[in-house]
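Here the structure comes first, spelled out in C-alpha cells, and everything after it is commentary.
Read the figures in this text as sums done on the coordinates, not as results from a lab. As the structure is a computational prediction, the values presented were derived from the model and not from experiment. Please note: Cβ atoms are built from the backbone with ideal geometry, for glycine as well, and neighbour counts cover all protein chains shown.
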Amino acid sequence: MAQETIIGAQVTIEGDISGTDAVQVHGTVRGGKIAVKEGVLVSATGKVEGDVESAAVEIAGHVQGNVAASDKVELKSGGKLFGDVKAPRILIADGASFKGNINMSA
Amino acid sequence: MSEVSSIISAGQRVVGNVSAAEDLVVVGRIEGRIQSEASVTIEAQAVVEGDIHARQVLVKGVVVGEIAATDGIEIAPSGQVLGDLKTRRLALRAGGRVAGLAQSGIEVPAFVYGNRTAVRRAAPAPTFAAAPADPWPRTEEVVETTPRASQPQHDHRKGKKEPSREST
C-alpha cells in the first residue's frame, strides 16, 4: 500500500497541499487548495475550506469549496458539500447535504 | 484514531502552517510553520522550511528554521538543522549537523492548539532519590489542555471598520 498523508482529527493545516499521494483528512484544512493526484478522503470529522482537486474524492465530512475530480466524487451520508462539483461520475448518498452546481461533462 | 499518527507522506508538499494536538510525522515537504502540543518527527527524506514549535522534536531530515521544543530536541545522525535550537534537553547524535545557536536547559512555553485552554500547575519539587536529579528543574508544567468551554469564538476576520476620514 503506497503511503498516504493522514491529517489527524486534531491537526489543522492552513495552506495548500499538493503532491502525489492520497490524502485522508480527519482534521481541518483551510485557506488553500488540496491538489493531489491520488484520492482525497474527507472523513466524518474532517473539515475542508477550500477547493479540492484529485482523481477520486470521497466526502463524509464538511467541505466548503469547489471539488474537481478526474474519476469520481462520492458524497456519503452525513457529508456536507457547499461548492461546485466537476467530475464524470458523481454519487450523492441519501442523507448527504449538497449545495452547488454539478458539471459532469468531460 | 490514535493508532496511526498523522503523517505527511513522501510525495506530499504542504505550503502553509500546520498546527496539531497529536503526534505528527513528516516524510514529505512542509514550507511553513509547524506548531504542536505533542511530538514532531522529521523523517530522513523530509524537508521542513519553517519554524517548529512542539513538545518534542526528532529530526532525521532537513529543517531550515528555528526549533523550539518544550521537552526535548533530538538530532539524529542523518538530521540537519539550519537554524536556532531552544529546548530543555538537547541530544545531538554524532553525524547530525546543526548550524545555529543551540540553547538547552531553558524553558520554552508550550503551544496550545486551537481553542483549548491549558491547565498549568507548579511542577513538583524534585525528590533527591537514587536517580540523578534534573539539573534544570522545570518551574511550571502544562498538565493538560482541554477544549475551551463553549465561548463565542472571536472572529478576527470581522475587524472594526474605522470611519474613513477623507479630507476634502
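Table: residues versus (1) more than 9 Å from chain B (Cβ to nearest Cβ); (2) more than 11 Å from the chain's Cα centre (by Cα); (3) among the hydrophobic types (A, V, I, L, M, F, W, C).
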| position | (1), (2), (3) |
| --- | --- |
| A:Q3 | no, yes, no |
| A:A9 | no, yes, yes |
| A:E14 | no, yes, no |
| A:I17 | no, yes, yes |
| A:L41 | yes, no, yes |
| A:D51 | yes, no, no |
| A:V63 | yes, no, yes |
| A:K80 | yes, no, no |
Check whether at least one residue in region B:2-14 is in contact with a Lys or Arg (Cβ under 6 Å, 6 or more places away or on another chain) and more than 8 Å from every other protein chain (Cβ to nearest Cβ), and report yes or no. no
Could we say that A:V67 is under 22 Å from A:R30 (Cα atoms), hydrophobic (A, V, I, L, M, F, W, C) and under 9 Å from the mean Cα position of the chain (by Cα) here? yes
Would you mind finding the one in A:A35, A:A56 that is over 16 Å from B:S9 (Cα atoms) and free of Cβ contacts under 8 Å to residues at least 40 places away in the same chain? A:A56
Test: B:V18 is surrounded by fewer than 18 Cβ atoms within 10 Å (Cβ to Cβ) and under 23 Å from A:G32 (Cα atoms): no
Residue among B:E49, B:E31, B:E66 that alone is more than 13 Å from chain A (Cβ to nearest Cβ) and among the charged types (D, E, K, R): B:E66
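Among the candidates A:G15, A:G32, A:G95, single out the residue that is part of a loop (DSSP other than H, G, I, E, B), in contact with a strand residue (DSSP E or B) (Cβ under 8 Å, 6 or more places away or on another chain) and not aliphatic (A, V, I, L, M). Walk me through how you get there before you give the answer.
Working: A:G15 fails: part of a loop (DSSP other than H, G, I, E, B); A:G95 fails: in contact with a strand residue (DSSP E or B) (Cβ under 8 Å, 6 or more places away or on another chain).
The match here is A:G32.
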When the residues of region A:81-106 are narrowed to those that are closer than 19 Å to A:G39 by Cβ and of a type in the set (K, R), which ends up surrounded by the fewest Cβ atoms within 10 Å (Cβ to Cβ)? A:R89
Quick one: what pairs do we get from region B:67-80, first residue in contact (Cβ under 8 Å) with a residue 24 or more places away in the chain and within 21 Å of B:G32 (Cβ to Cβ), second of a type in the set (D, E) and in a strand (DSSP E or B), C-beta under 9 Å, 6+ apart or different chains? B:T70/B:E141
Can you name every residue in region A:37-56 that is touching an Asp or Glu at 6+ places or on another chain (Cβ under 9 Å), part of a strand (DSSP E or B) and surrounded by fewer than 23 Cβ atoms within 10 Å (Cβ to Cβ)? A:L41, A:A55, A:A56
